[in-house]
Amino acid sequence: MIFNPHAYQEYCVKKILEIKKLGLFLDMGLGKTVTTLTAVRELKYNRFQVKKVLVVAPKKVAEGTWTREKDKWEHTKILRVSQVLGSQAKRIRALNTPADIYITNRENVVWLVDYYRNDWPFDSCSSLLLKAAALVTLMSSPSSGSSNTIFISSS
């Protein structure tokens with residue numbers, strides 16, 4: 001399906017690309033996921049400013065929403081998603097799978113931090129996770145020295 005963004009979605013994509021840390025709070029059904037996927041695709045494949053994206057979301061959202069949305073739109077089908085969910089063995093296998101976006105649920109954040117310790121491959125996990133919010137952390141490229149953090153309301 002071709003993504004024809006509404007003016008507010010174009011505005012949100014533009015702001016994600018301009019502002020390194022921002023909150024994207026839109027009501028349910030207004031396209032937070034496709035808006036963010038669009039920005040991630042731009043940052044990764046056109047601007048080469050990010051390497052890895054970590055999405056921390058409620059379990060139901062982590063289990064299907066991001067992959068389903070990524071596959072729905074022609075321009076985001078290029079993105080590779082790895083779901084860091086399930087048993088410890090499944091989570092480790094998912095982390096070792098080459099991907100652009102790694103998605104997990106909030107309950108796995110402590111495990112993820114313990115697993116990587118001082119070798120964190122994502123930009124930052126120091127941001128406070130808001131109740132019912134998904135945190136997207138975009139890893140900066142070594143040459144850019146910048147990072148992007150986007151809070152996306154999931155309720």
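The values are calculated or read from the model by the stated rules, or taken from the named source; none is laboratory data. In this text the structure is predicted, and so the values were computed from the model without any measurement. Positions of Cβ are backbone-derived with ideal geometry, glycine not excepted, and every protein chain shown enters the neighbour counts.
Inside the stretch 17-37, can you point out the residues that are over 21 Å from Val61 (Cα atoms) and not acidic (Asp, Glu)?
Filtering the stretch 17-37 down to residues over 21 Å from Val61 (Cα atoms) leaves 17-21.
Listed by number, the residues that qualify are Leu17, Ile19, Lys20, Lys21.
For Asp71, the conditions (1) loosely packed, with under 15 Cβ neighbours inside 10 Å; (2) charged (D, E, K, R); (3) within 25 Å of Val109 (Cα to Cα) all hold with the exception of (3).
Which one is farthest from Met1 (Cα to Cα) among residues in the stretch 81-100 that are surrounded by fewer than 20 Cβ atoms within 10 Å (Cβ to Cβ) and aliphatic (A, V, I, L, M)? Once the filter is applied, the top-ranked residue is Ala89. With (1) within 16 Å of Tyr45 (Cα to Cα); (2) surrounded by 20 or more Cβ atoms within 10 Å (Cβ to Cβ) as the list, and Ala57 as the residue in question, which single condition is left unmet? Failing condition for Ala57: (1).
Here is a yes/no grid of residues against (1) over 22 Å from Ile19 (Cβ atoms); (2) at pLDDT 90 or above; (3) within 15 Å of the chain's Cα centre (by Cα):
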residue	(1), (2), (3)
Thr76	no, yes, yes
Asn118	yes, no, no
Cys125	no, no, yes
Lys131	yes, no, no
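Out of everything in the stretch 10-36 that is aliphatic (A, V, I, L, M) and in contact with a strand residue (DSSP E or B) (Cβ under 7 Å, 6 or more places away or on another chain), what residue ends up being modelled with the lowest pLDDT? Here the answer is Leu22.
Taken together, Ile78, Ile2, Ile103 contain a single residue that is touching a residue at least 12 places away in the same chain (Cβ under 8 Å), of a type in the set (A, V, I, L, M) and surrounded by 13 or more Cβ atoms within 10 Å (Cβ to Cβ), which is Ile103. Out of the residues in the stretch 38-54 that are of a type in the set (A, V, I, L, M, F, W, C) and in contact with a strand residue (DSSP E or B) (Cβ under 8 Å, 6 or more places away or on another chain), which is surrounded by the most Cβ atoms within 10 Å (Cβ to Cβ)? Per the criteria, the residue is Val53.
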